[in-house]
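Contents: one structure, followed by commentary.
The values are calculated or read from the model by the stated rules, or taken from the named source; none is laboratory data. Quick caveat, the model's predicted, so the values are computed rather than measured. Note that each Cβ is placed from the backbone with ideal geometry, even for glycine, and that neighbours are counted across all protein chains shown.
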Amino acid sequence: MNIYLDIDGVILGTKSPKRDIIRLLKYILKHYSDSTYWLTTHCKDGVNRCAEWLGQNDLPEDLVLKLEQTVKATDWEMLKTEAIDFNQPFVWFDDAPFGSERLVLEKNGVSDGCFIMDKRNPKMAKIALKYLKDIKRSQYGGQRHF
């Protein structure tokens, strides 16, 4: 399963406590290290500034380094959905996908692949972590379809 991560409103600029965001990121790195991608304005048009941005925002240096070494860059121009591989199951963590991006997901029959992070909810990172753990558990009991 592919994981697509936005930064603003998902990792930074959210009411979720930093410790919960760190737990979420560490879980993703542990279980999806080969299939996690940046899907953020900080990684666009062939320029990846994610580590630089995260490093300036009070995340532990070792975590930022691991993210830099592990999370793959994406290339897209207008819509983030241009970078999503619709042939693979995925979860896209974003706080505010555009209506046009939602339409692309609908047209591809994968609307449930987008996990919308409410940046005002201090429990959001915990909810996202539980969601990923539930997916992982369900993979042992059957294939999850998007």
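Of all residues in the range 62-107 being in contact (Cβ under 8 Å) with a residue 40 or more places away in the chain, among the aliphatic types (A, V, I, L, M) and assigned to a helix (DSSP H, G or I), which is farthest from Ile127 (Cα to Cα)?
The extreme case among them is Ala83.
So Thr36 ticks every box in (1) out of contact with any helix residue (DSSP H, G or I) (no Cβ under 7 Å at 6 or more places or on another chain); (2) within 24 Å of Gln88 (Cα to Cα); (3) modelled with pLDDT of 95 or more but one. Which box is left unticked?
(1)
Within the range 48-56, is there a residue that is under 29 Å from Gln139 (Cα atoms), free of Cβ contacts under 8 Å to residues at least 60 places away in the same chain and among the basic types (Lys, Arg)?
Within the range 48-56, the subset under 29 Å from Gln139 (Cα atoms) is none.
Among the residues of the range 48-56, not one is under 29 Å from Gln139 (Cα atoms), free of Cβ contacts under 8 Å to residues at least 60 places away in the same chain and among the basic types (Lys, Arg), which makes the answer no.
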